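S.K.: Okay, here's the structure, questions in a sec.
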Amino acid sequence: MGRTASYLRNAGESERALALIKAAIAEAPDGSVHVPRLLRDQAIVLGSLGKPGTVELLRDALARIAAFDQTVPEVRDLHAAIMTALAGRLMIAGEIDAAVEIGDESYDLAVEIGALRSASVARNIASISRISRGEVAEGLEGLEEAHDLAGTDGTALLRYWVNVSDTRSLIGDHEQAVRLAEAGLEIAREQGVERSSGVLLAANAAEPLIALGEWDRAQALVERGLSLDPPPPFKAYLQRARLVAALWSGDVEAAVAGLRAVYPMMAKVADVEVQTRFGLGRLAAEILLEGGDLAGAWREASIALDGPAAQHVGYVALHLWPAARVLGEAGRDPARAAAAGLDVSALAGFEGDVLSRLDEIAVWPTHTLWSAFVRAELAHGPREAVEAWRTAVAAAEASQAFVYLAPYARFRLAEALLEAGDRQAARMELQAAADLADERGVGLVRRHVDRLAQAAGLALATRESGDDEASAEPSTNDVAPEASDLDDLTARERQVLDLIAEGLSNKQIGERLFISGKTASVHVSAILRKLGASSRTEAAVRARGVTVAE
């Protein structure tokens, strides 16, 4: 029954696997070596369901296997496997030092008895845990050792692909993270575990794809993974990627509604997985901040200040920015913060905590990037803010930066320049922010740019005119546009235009592209403006005119 349960778990049928294991434990005779094995299997399945109790089960299994004759090869193999599983669950629970210690012990035992799968996975876990402490070079070296030890073992290789792709994403090596995750995903499909390990790898590819601005590729991976109906923890990773994409592409309403729908499920997983706790906290803070819930955003962002930063350096590095955003927002608008029920004076005291924590994670590869953004968010006064945001603009050019950081930094620099009274420079930066946001599909920043431009009375050039002042709406005529007019459309706008030509409504376009009808409407308006069309029909006809001419 244990082997059948393993097959079910790998196929994503964790609840069925758990029931089978419990039945097997009930039937196993006292003193049987099968009991510690089944306890290990039960812990693994519980972990795949995001349920508590895994560490306790594995400690029980470890105590039981220690009572058997350690000269028996089967016993020693199982001993190493249980230790390795325990190290993995400790790592996931955030007990990093213990994970390193037990991971090293299980590696030594596995090497001694020639259990290469356990040796590979143990080295993998200990290395990832070291990276979590900021020991990046040593950890990456250990991961490659784990890969070599895995040989052709599919299980060990999948653990390698999952962890190395996630690590590359955390340290800002987005392109390599995508390559590694997609390579692992192919193996997962070949082995028939796309619904479990494959979903993890899909999420690991989607997040760096979003960082690179490959919105459509990320969306395709997420929707494919969700269509498999994976267990809750795996689903949580995909939902997080989906909501990040919705938020930064500009569909705030969908992001807020989506967070509300999936938060209870993700919170249960976050209770037992530190990675999900940080990931959910960061996501929720950003969405709630955009949705106007300052108190909720601080509740989620403030976990960056909980516990020792040295245990989770990479996650803290990512999390400090939304924490600083909330503090900066409260500092700029204390009345709003007070109305939200926040203690403004207490919040001001947290600024020093954020900066201290920033110094604690200076070893992390993306520290320079996030330091620039955190310090800019916390800058006081227009002059200091202008200089800080200029530094952030430069930092956003790094290959480690997410695609939305450059337009965001330009937008915030424009805000600071306006406060400093330099309208001409502010307009130039606002124009740069608008252009970058359009080119990269960062609709959220474009929304902020348009609001600020309108509030400040600053006219921005349209992409059609190229003038220094906003042009009037282009006149329409019956002549099909040149190919260069279509070149002005983003990849997403081209998709929408194709669906307009099929006669789809905004709602139908949204359903086809997994976006809201409101976001589809925004894309349609942009297309009409760029093509100089007065109606959807005219836009479709003009697009066909170019196609025929080609």
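Conditions (1) over 30 Å from residue 30 (Cα atoms); (2) buried (at least 23 other Cβ atoms within 10 Å of the Cβ); (3) in contact (Cβ under 8 Å) with a residue 24 or more places away in the chain; (4) not hydrophobic (A, V, I, L, M, F, W, C), marked per residue:
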site: 61; (1), (2), (3), (4): no, yes, yes, no
site: 64; (1), (2), (3), (4): no, no, yes, yes
site: 67; (1), (2), (3), (4): no, no, no, no
site: 71; (1), (2), (3), (4): no, no, no, yes
site: 76; (1), (2), (3), (4): no, no, yes, yes
site: 103; (1), (2), (3), (4): no, yes, yes, yes
site: 123; (1), (2), (3), (4): yes, yes, yes, yes
site: 128; (1), (2), (3), (4): yes, yes, yes, no
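S.K.: Which of the residues belonging to the stretch 280-295 are touching a residue at least 12 places away in the same chain (Cβ under 8 Å) and farther than 18 Å from residue 324 by Cβ?
M.R.: Taking the stretch 280-295 and keeping what is touching a residue at least 12 places away in the same chain (Cβ under 8 Å), we get 280-291, 293-295.
Within the stretch 280-295, 280, 291 qualify.
S.K.: Out of the stretch 28-55, which residues are in contact (Cβ under 8 Å) with a residue 12 or more places away in the chain and of a type in the set (Asp, Glu)? Break it down stepwise before answering.
M.R.: Our first condition is that a residue be in contact (Cβ under 8 Å) with a residue 12 or more places away in the chain; within the stretch 28-55, this holds for 33-52, 54-55.
Passing the criteria: only 41.
S.K.: How many residues does the stretch 372-395 contain that are surrounded by fewer than 16 Cβ atoms within 10 Å (Cβ to Cβ) and outside any helix (DSSP H, G or I)?
M.R.: 2
S.K.: I would also like to ask the following. Going through the stretch 189-221 one residue at a time, which ones are of a type in the set (S, T, N, Q) and either assigned to a helix (DSSP H, G or I) or free of Cβ contacts under 8 Å to residues at least 12 places away in the same chain (or both)?
M.R.: Taking the stretch 189-221 as the starting set, the residues that turn out to be of a type in the set (S, T, N, Q) are 191, 196-197, 204, 219.
Correct list: 197, 204, 219.
S.K.: Given the options 178, 162, name the one that is of a type in the set (A, V, I, L, M), part of a helix (DSSP H, G or I) and free of Cβ contacts under 8 Å to residues at least 40 places away in the same chain. Show your work before the answer.
M.R.: Numbers: 162 fails: free of Cβ contacts under 8 Å to residues at least 40 places away in the same chain.
Within the list 178, 162, the selection yields 178.
S.K.: Same structure, new question: So which residues in the stretch 135-168 are among the small types (Gly, Ala, Ser) and either buried (at least 23 other Cβ atoms within 10 Å of the Cβ) or touching a Lys or Arg at 6+ places or on another chain (Cβ under 7 Å) (or both)? First the steps, then the outcome.
M.R.: Pass one, the stretch 135-168, residues among the small types (Gly, Ala, Ser): 137, 139, 142, 146, 150-151, 154, 156, 165.
Hits for the stretch 135-168 are 139, 142, 146, 150, 156, 165.
S.K.: A follow-up question, please. Note down all Cβ pairs under 9 Å where the first residue falls in the stretch 333-349 and is among the acidic types (Asp, Glu), the second is surrounded by 15 or more Cβ atoms within 10 Å (Cβ to Cβ), and they're at least six residues apart or on different chains.
M.R.: Pairs found: 333/294; 343/337.
S.K.: Let me ask you something else. Confirm whether residue 100 is of a type in the set (Val, Ile, Thr), under 19 Å from residue 140 (Cα atoms) and under 27 Å from the mean Cα position of the chain (by Cα).
M.R.: yes
S.K.: State whether one or more residues within the stretch 397-419 are basic (Lys, Arg) and in contact with a Phe, Trp or Tyr (Cβ under 8 Å, 6 or more places away or on another chain). Step through it out loud before you land on a result.
M.R.: So in the stretch 397-419, the residues basic (Lys, Arg) come out as 410, 412.
Retained after the next criterion (residues that are in contact with a Phe, Trp or Tyr (Cβ under 8 Å, 6 or more places away or on another chain)): 412.
There is at least one residue in the stretch 397-419 that is basic (Lys, Arg) and in contact with a Phe, Trp or Tyr (Cβ under 8 Å, 6 or more places away or on another chain).
S.K.: Collect the residues in the stretch 234-272 that are charged (D, E, K, R) and either buried (at least 22 other Cβ atoms within 10 Å of the Cβ) or under 17 Å from residue 223 (Cβ atoms) (or both), keeping them in residue-number order.
M.R.: Pass one, the stretch 234-272, residues charged (D, E, K, R): 235, 240, 242, 251, 253, 260, 268, 271.
Scanning the stretch 234-272 gives 235, 240, 242, 251.
S.K.: Restricted to the stretch 344-371, and to residues that are among the charged types (D, E, K, R) and surrounded by 14 or more Cβ atoms within 10 Å (Cβ to Cβ), which residue is farthest from residue 140 (Cα to Cα)?
M.R.: Step one: list which residues in the stretch 344-371 are among the charged types (D, E, K, R), which gives 351, 353, 357, 359-360.
If we keep only those that are surrounded by 14 or more Cβ atoms within 10 Å (Cβ to Cβ) too, we end up with 351, 353, 357, 360.
Working: 351: 33, 353: 30, 357: 24, 360: 21 Å.
Per the stated criteria, the residue is 351.
S.K.: Still on this structure, please answer the following. What are the pairs with Cβ atoms under 6 angstrom where one residue, in the stretch 12-24, is closer than 13 Å to residue 46 by Cβ and the other, located anywhere, is in a helix (DSSP H, G or I) and modelled with pLDDT under 85? Sequence gap at least six, or different chains.
M.R.: Listed pairs, sorted by first residue: 14/48; 17/5; 17/8; 17/9; 21/5.
S.K.: As an exercise: evaluate residue 399 against (1) part of a helix (DSSP H, G or I); (2) within 26 Å of residue 428 (Cα to Cα); (3) hydroxyl-bearing (Ser, Thr, Tyr) and give the number of the one condition it does not meet.
M.R.: (1)
S.K.: Specify the residue that is farthest from residue 311 (Cα to Cα); the eligible residues are those in the stretch 255-284 that are in contact with a Lys or Arg (Cβ under 8 Å, 6 or more places away or on another chain) and of a type in the set (Gly, Ala, Ser).
M.R.: Among those residues, the one meeting the criterion is 258.
S.K.: Tell me which helices (runs of 4 or more DSSP H) are completely within the stretch 489-550 and hold 3 or more residues being closer than 20 Å to residue 438 by Cα and at pLDDT 80 or above, or say none if there are none.
M.R.: Working: elements: 491-501, 506-513, 517-531, 536-549.
The qualifying helices (runs of 4 or more DSSP H) are 491-501, 517-531.
S.K.: Let me ask something additional. Residue 146 - would you say it is part of a helix (DSSP H, G or I), farther than 24 Å from residue 216 by Cβ and in contact (Cβ under 8 Å) with a residue 40 or more places away in the chain? Don't jump to the end; show me each part of the working.
M.R.: Values: part of a helix (DSSP H, G or I): yes; farther than 24 Å from residue 216 by Cβ: yes; in contact (Cβ under 8 Å) with a residue 40 or more places away in the chain: no.
Taking the combined requirement at face value, the residue does not satisfy it.
S.K.: Something else about it: Can you give me the number of residues within the stretch 271-295 that are in contact with a helix residue (DSSP H, G or I) (Cβ under 6 Å, 6 or more places away or on another chain) and under 17 Å from residue 90 (Cβ atoms)?
M.R.: 4
S.K.: Collect the residues in the stretch 17-47 that are modelled with pLDDT under 80 and either on the phi > 0 side of the Ramachandran plot or part of a helix (DSSP H, G or I) (or both), keeping them in residue-number order. Lay out the reasoning, then the answer.
M.R.: Restricting attention to the stretch 17-47, the residues satisfying the condition of being modelled with pLDDT under 80 are 30.
Matches in the stretch 17-47: none.
S.K.: Here's a follow-up. Quick one: residue 275 ticks every box in (1) more than 23 Å from residue 320 (Cβ to Cβ); (2) touching a residue at least 60 places away in the same chain (Cβ under 8 Å); (3) not charged (D, E, K, R) except a single one, so which number is it?
M.R.: In the conditions (1) more than 23 Å from residue 320 (Cβ to Cβ); (2) touching a residue at least 60 places away in the same chain (Cβ under 8 Å); (3) not charged (D, E, K, R), residue 275 misses (1) alone.
S.K.: Scan 261, 337, 284 and give me the residue that is modelled with pLDDT of 95 or more, closer than 27 Å to residue 250 by Cβ and either assigned to a helix (DSSP H, G or I) or not polar (S, T, N, Q) (or both). Break it down stepwise before answering.
M.R.: Working: 261 fails: modelled with pLDDT of 95 or more; 337 fails: modelled with pLDDT of 95 or more.
Of the residues listed, the single one that is modelled with pLDDT of 95 or more, closer than 27 Å to residue 250 by Cβ and either assigned to a helix (DSSP H, G or I) or not polar (S, T, N, Q) (or both) is 284.
The values are calculated or read from the model by the stated rules, or taken from the named source; none is laboratory data. Keep in mind that this is a model prediction, so the values were computed, not measured. Note: ideal-geometry Cβ built from the backbone for every residue, glycine included; neighbour counts use all protein chains shown.
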